[in-house]
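The values are calculated or read from the model by the stated rules, or taken from the named source; none is laboratory data. Source: prediction; values computed, not measured. In this analysis, Cβ positions are derived from the backbone assuming ideal geometry, glycine residues included, and neighbour counts consider all displayed protein chains.
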Amino acid sequence: MVASDSFADFLRDQLSRLGHVTLRRMFGKTGVFCDGVMLGMVSDNVLYFRVDDANRSAFAEAKAFPPLNYQKQGDTIDLSFWRAPERLFDEPEELMSWAQAALAAAQRVAKKREGTAGKGRRQK
């Protein structure tokens, strides 16, 4: 399920120090973007942050919950988005720290995709 309007407003407010935060519905969930880069997703009003090799250890607490996933042909596919602990919503500075780490991961992913986008195309 997508984020409720009130939860979306709450996230925009809480994450506003990161930059221009927007939320967009996609694939039955809600993507959380900062300056055009997707740092998180919301499903059923639960926030998941982008994780990669560089920030995985910082998000160790989130390993207690399953990552965001979906079903495909009977298999569960885990995504690189881990559930943000609910306690973060009572600790705005720590929430911001997690969000910054997720944004950095999202920027690394975006940069990596840009670097591989042109590969495989034949040069003339």
* Quick one: Lys112 ticks every box in (1) among the charged types (D, E, K, R); (2) modelled with pLDDT under 90; (3) not in a helix (DSSP H, G or I) except a single one, so which number is it? => (3)
* Structure fact -> Residue pairs qualifying under the 8 Å Cβ cut-off, at least six apart or on distinct chains, with the first in region 60-78 being farther than 13 Å from Phe49 by Cα and modelled with pLDDT under 85 and the second being among the aromatic types (Phe, Trp, Tyr) and part of a loop (DSSP other than H, G, I, E, B), are Tyr70/Phe27
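Can you name every residue in region 17-49 that is of a type in the set (Val, Ile, Thr) and closer than 19 Å to Phe59 by Cβ? Talk me through it step by step, then tell me what you get.
Pass one, region 17-49, residues of a type in the set (Val, Ile, Thr): 21-22, 30, 32, 37, 42, 46.
If the condition is that a residue be of a type in the set (Val, Ile, Thr) and closer than 19 Å to Phe59 by Cβ, then Val32, Val37, Val42, Val46 are the ones that fit.
Which strands (runs of 3 or more DSSP E) sit wholly inside region 1-100 and have at least 1 residues that are touching a helix residue (DSSP H, G or I) at 6+ places or on another chain (Cβ under 9 Å) and of a type in the set (S, T, N, Q)? Working first, answer last.
Values: elements: 21-26, 29-34, 37-43, 46-50, 69-72, 75-78, 81-83.
Result: 21-26, 29-34.
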